[in-house]
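What follows is one structure encoded as structure tokens, with my remarks underneath.
Bear in mind that the values in this text are calculations on the coordinates, not laboratory data. Fair warning: this is a prediction, and the values are worked out from it, not measured in the lab. Positions of Cβ are generated from backbone atoms using ideal geometry, with glycine treated the same way; all protein chains shown enter the neighbour counts.
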């Protein structure tokens, strides 16, 4: 059993701390938000993640997981301090490191025994060296410490499985012994461990996310071409995915990527490249294609309805992906704003993200079900591929609508089936078949 402090009780910190506790370690998770910590002590989580609430409560009951706002308490026995705070997007797309700085300064002021500081947050290349400089400068007296980069690769909606069954563990440090000790923490996971230098480890995280975002934007570009030429991107993606050099993951055409990682990480990498005098033209194109996908929905609605003024548009799904309540950079938010800007009236439904939506889109009427969204709607837009939408009573949906118009932003339905039901249906990249019913 190791004594671990995790700084930040947000998405990454809460999952990381809870999983390390579940592996038998003693974990104290710290957050500066008193409200968040008090809620966590009562078993009330700030995020939705399948299975996380049960794991938190189980490890709290076992005495392996606790929560605090006190750095002195969190670092009293800590051998490892994981920094898992937010790195929001800055004005020019750069990562804002104010929370990382605050954490590093507080660690320096409150540590009183040798410590391994682990950067878990996604941070620009060079941040590990910067954190080390801050800690040295802020220590009241010199205490040995090392900095290790250990970027997270957690996907919202499957974070527990991603932590417990990782494809790889990436570690970077100038202190090989410290990196080996962090590697030992991960040995129970029986995953490949890559140990490299600090800057390379930090770059692996950005390069990985940028590549996945590129793959999504690529298939969306292909979808747009398919639509113009009469091909079906779902079949194209399936044919491509059988090639082991390509793989089938991240080849689902739709409304593009969102969430807390891809948007800010691609922007941050492009910013770093620009600052160094490089020209990240591929990254810029990846971001441009992603923006265009959301605009396409409004263009399709306008084409099918003639005008959006006074039209009731229903959104099926509000979170940026299924199995999460996260609406950061969610397509639904941009689509709702664009429709409202043209005089449309928007309502929406999400199985999990209602409370988040109340804060993020206060001008959108939130409904209790997909069927309520459909009542009197002139058009529906599928924004999130929740499983419950795959089994909707589509005949009931159609009969509830004022006009049977649907833009399927996630290609959940088959064009032939929708046409047979009497829908005016448009998918994303479904070619001539995707326009059946028009």
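Over the chain, what is the percentage of antiparallel beta bridges among all DSSP beta bridges, to the nearest 5?
Antiparallel: roughly 5 percent of the beta bridges in the chain.
Taking the Cα-to-Cβ direction at residue 309 and at residue 98 and moving 7 Å from each Cα, how far apart do the two end points lie in nm?
4.2 nm
At what distance in nm do the modelled label points of residue 73 and residue 245 sit from each other, each positioned 7 Å from its Cα along Cα→Cβ?
Each label point lies 7 Å from its Cα, and together they span 5.7 nm.
Hey, what angle do you get for helix 127-138 against the long axis of the chain, alpha-carbon based, 0 to 90 degrees rounded to 10?
With rounding to tens, the tilt is 40 degrees.
Rounded to the nearest 0.05, what FRET efficiency is calculated for residue 164 and residue 340 with R0 set to 30 Å and r the Cβ-Cβ distance?
0.10
Would you mind checking the tilt of helix 176-186 against the longest principal axis of the Cα atoms of the chain, expressed as 0 to 90 degrees and rounded to 10?
Helix 176-186 sits roughly 50 degrees off the main axis of the chain.
Report the Stokes-Einstein translational diffusion coefficient (µm² s⁻¹, integer) for the chain, Rh taken as the Kirkwood radius over Cα pairs, at 20 °C with viscosity 1.002 mPa s.
92 µm²/s
Report the Cα centroid-to-centroid distance between the stretch 268-303 and the stretch 72-118 in angstrom, as an integer.
31 Å
Of all beta bridges DSSP finds with both residues in the stretch 3-196, what is the antiparallel percent, to the nearest 5?
About 10 percent, rounded to the nearest 5.
Rank these for me by crowding, 423, 250, 82, 389, going from fewest to most other beta carbons within 10 Å.
So the ranking, lowest neighbour count to highest, is 250, 389, 423, 82.
Within 10 Å of each residue's Cβ, count the other Cβ atoms and sort 396, 190 from fewest upward.
Ascending number of Cβ neighbours within 10 Å: 190, 396.
Out of all Cα-Cα pairs in the stretch 213-435, roughly what percent, to the nearest whole number, are more than 23 Å apart?
For the stretch 213-435, the fraction of Cα-Cα distances above 23 Å is 47 percent.
Provide the FRET efficiency to the nearest 0.05 for the residue 354-residue 38 pair, computing r from the beta carbons and using R0 = 25 Å.
Once rounded, the FRET efficiency stands at 0.65.
Report the dimensions of the stretch 237-301 along its three principal axes from the alpha-carbon atoms, largest first, rounded to Å.
Principal-axis extents of the stretch 237-301 (Cα, largest first): 39, 37, 21 Å.
Taking the chain as the reference, fit the longest principal axis to its C-alpha atoms, fit the long axis of helix 198-229 to the helix C-alpha atoms, and give the angle between the two in degrees, 0 to 90, nearest 10.
Helix 198-229 sits at roughly 0 degrees to that axis.
Ranked by Cβ crowding within 10 angstrom, fewest neighbours first, how are 1, 406, 203 ordered?
Starting with the residue having the fewest Cβ neighbours, the order is 1, 203, 406.
Working out 0.36 nm times the residue gap between residue 302 and residue 365, then minus their Cα-Cα distance, what length gain in nm do you get to one decimal?
Length difference between fully extended and current span is 20.6 nm.
Using a 7 Å offset from the Cα along the Cα-to-Cβ direction at both residue 143 and residue 387, what is the distance between the two label points in nm, to one decimal?
Distance between label points: 4.7 nm.
No solvent, one uniform scatterer per C-alpha: report log10 I(q)/I(0) for the stretch 199-320 via the Debye equation at q = 0.17, 0.20, 0.21 1/Å, two decimals.
Calculated log10 I(q)/I(0) at the listed q: -0.98, -1.18, -1.24.
Within the stretch 323-344, list the residues whose amide N lies under 20 Å from a label point set 7 Å along Cα→Cβ of residue 274.
329
So what is the diffusion coefficient of the stretch 201-272 in µm² per second by Stokes-Einstein at 37 °C and 0.692 mPa s, using a Kirkwood Rh over Cα pairs?
250 µm²/s
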